[in-house]
Amino acid sequence: AVVFGHAKDGNLHFVTSIDLDSTEGVTNYAGLMDGLVELTTVKYPGSLKAEHGTGRNMAPFIEAEWGTDLYSMMWDLKQSADPLNILNPGVLLNRDPNIHLKNLKPIPPVNEIVDQCVECGFCEPVCPSRALTTTPRQRIVVAREINLSTDTEVRKAMQNDFDYAGIDTCAVDGLCESACPVNIDTGAFIKLKRRERTNFIGRAIAWLSAHYFGSIQGMVTSASRLLQWKASLFGRDTMESFLRELNRITKGRIPSWSAGLVPLGKKEFSCTGTKPQWVYYPSCLSRSFAPEGTHESLMAILMEITELVGVDIRIPDVDGTCCGTPFSSKGYPEASRKILTRTIELLYSESNQGKLPIVVDTSPCTWKFIHGNHELDSAALKKWEQLTFIDLAPFLNTLITQVNHPPLHRSVAIHPTCSTQKMNLVEEVLECARKCADQVILPVETGCCGYAGDRGLLFPELTAAATQREALNIANGPQLQQGISTSRTCEEGLKNATGIAYVSLALLVRDYLKQSESTHLSSG
């Protein structure tokens with residue numbers, strides 16, 4: 001069987017593949033432990049424990065490790081301090097030589113994604129739902145308990161509770177994988193659970209939505225035009241007040257940023273310079289929702305930035321395309337595959353078969369493009385392999401590297417998205433922000449905001465719980481004028497939590513570039 005682990009500083013820390021669900025397996029395990037203790041304490045006079053302390057599994061072997069005299073002293077101390085044996089009884093000290101073979105915890109297989117989990121808990125500090133419902137470790141434990149239960153009623157009750165506590169309130173952000181010693185992405189497991197809850201009607205609607213995504217995007221654009229027309233009749237302040245009140249009545253399910261819907265004209269599509277150096281792919285959110293406090297599209301802002309620094313970009317007609325995240329995160333992989341494949345084919349063509357790098361303005365979308373290859377068939381995969389995707393922060397850094405303006409007198413807080421963290425681009429965001437502003441704050445706790453696409457709309461309590469610590473860090477820090485991130489939904493979540501307007505990093509860069517009438521570039 002496979003043995004895996006690590007060897008460091010004289011410590012051999014390993015996990016073996018053992019079967020504790022059968023009598024034969026337990027017998028083999030008993031022999032393994034006896035042989036291991038003999039090898040470690042007799043043949044090689046070493047210590048049985050290094051990183052971890054004594055528990056029931058090691059209690060029968062303390063005397064072999066420390067000797068009879070010291071073992072007797074331990075018992076004397078225990079009985080003096082705890083004569084009734086009520087403090088953690090039987091865990092550190094136990095006279096039963098077979099205690100390690102009793103009350104064994106079964107670990108039934110649930111899914112190959114999570115079956116390697118040893119329930120160490122390293123994932124828990126980075127989980128956005130840890131203060132609301134469950135953590136990745138708890139999700140896995142509950143899933144195992146549901147599999148073990150033989151009582152139909154108990155099993156049904158556990159599953160009903162797990163729907164909300166385990167599935168609905170999981171942000172599926174994948175940060176748990178970055179903290180897990182064996183790289184388990186519990187979010188991927190939860191996506192499968194969401195898939196299991198779908199039905200034919202739901203899958204059909206998702207597939208049709210992917211197929212007619214351009215028409216749906218057009219409906220959103222039409223709605224934005226209607227809102228803007230209403231705003232012109234009744235005044236924008238009146239419209240925004242109405243949407244905020246609607247947001248309050250629906251407990252956060254109608255976002256206040258609906259007031260920032262921006263209709264895009266065709267002039268913003270098919271934009272290309274004489275010699276384009278980049279292809280710019282605007283996310284579906286960027287195509288519809290304006291940054292906080294503005295009534296212009298992020299596309300227009302990035303176009304302005306590239307004009308200021310003299311860089312040509314190509315913006316293809318992305319109507320009907322998407323990275324697929326809205327579908328895959330909800331358990332509709334077929335719909336995600338369909339629209340991602342369509343998008344890859346477009347970008348392959350528009351990037352001159354991969355010769356031009358592709359800039360993506362929303363970090364979760366960048367992550368999906370870089371890691372969505374498992375959804376593609378062989379033909380699309382060959383095209384995907386030729387493409388280079390660049391996130392917003394390193395792209396902006398490239399543009400301003402030769403600009404020598406003094407930083408703006410502005411204090412800003414940075415919220416790195418989950419995808420920014422997973423792509424190891426936090427320093428890129430900080431570098432860009434520090435060049436543009438003279439005071440840049442990175443809160444001590446900047447985990448996932450829990451907005452997670454639509455989770456912040458459907459379950460606003462998740463975002464409230466996930467942002468609580470970060471908001472406290474900001475409240476106890478210096479006064480800030482602005483928050484910076486690279487995902488529109490994350491910006492909304494942080495604005496609600498802190499009361500500070502969070503905007504795209506691109507807005508800060510544009511302000512930096514526009515502080516002077518001319519942009520001073522080196523000859524390079």
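Listed values, structure above:
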{"quantity": "Of residues in segment 270-292 being open to solvent by less than 30 Å² (accessible area, probe 1.4 Å) and over 27 Å from the mean Cα position of the chain (by Cα), the one modelled with the highest pLDDT", "calculated": "Pro276"}
{"quantity": "Scope segment 3-31; condition under 30 Å from the mean Cα position of the chain (by Cα) and open to solvent by 70 Å² or more (accessible area, probe 1.4 Å); matching residues", "calculated": "Phe4, His6, Phe14"}
{"quantity": "Residue satisfying all of: in segment 473-494; farther than 20 Å from Leu408 by Cα and part of a loop (DSSP other than H, G, I, E, B); modelled with the highest pLDDT among these", "calculated": "Ser487"}
{"quantity": "Selected residue (only one of Ala165, Ala143 is among the hydrophobic types (A, V, I, L, M, F, W, C), open to solvent by less than 80 Å² (accessible area, probe 1.4 Å), farther than 27 Å from Ala497 by Cα and out of contact with any helix residue (DSSP H, G or I) (no Cβ under 7 Å at 6 or more places or on another chain))", "calculated": "Ala143"}
{"quantity": "Out of Glu119, Glu124, Glu112, sole residue that is open to solvent by 90 Å² or more (accessible area, probe 1.4 Å) and not polar (S, T, N, Q)", "calculated": "Glu112"}
{"quantity": "Ala433 being in a helix (DSSP H, G or I), more than 21 Å from Ala179 (Cβ to Cβ) and open to solvent by less than 50 Å² (accessible area, probe 1.4 Å)", "calculated": "yes"}
{"quantity": "All positions within segment 36-69 that are in a helix (DSSP H, G or I) and either open to solvent by 40 Å² or more (accessible area, probe 1.4 Å) or among the hydroxyl-bearing types (Ser, Thr, Tyr) (or both)", "calculated": "Leu36, Glu38, Leu39, Thr40, Thr41, Val42, Lys43, Glu63, Ala64, Trp66, Thr68, Asp69"}
{"quantity": "Helices (runs of 4 or more DSSP H) completely within segment 293-351 that count 2 or more residues being free of Cβ contacts under 8 Å to residues at least 60 places away in the same chain and surrounded by fewer than 20 Cβ atoms within 10 Å (Cβ to Cβ)", "calculated": "298-309, 333-350"}
{"quantity": "Residues of segment 352-371 satisfying the condition of being part of a helix (DSSP H, G or I), more than 26 Å from Ile301 (Cβ to Cβ) and open to solvent by less than 70 Å² (accessible area, probe 1.4 Å)", "calculated": "none"}
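The values are calculated or read from the model by the stated rules, or taken from the named source; none is laboratory data. Because the structure is a prediction, the values reported are computed rather than measured. All Cβ positions, even for glycine, are placed from backbone atoms using ideal geometry, and neighbour counts span all protein chains on display. Ligands, DNA and RNA are excluded from the accessible area calculation, which covers all protein heavy atoms including side chains. Shrake-Rupley method; radii C 1.70, N 1.55, O 1.52, S 1.80 Å.
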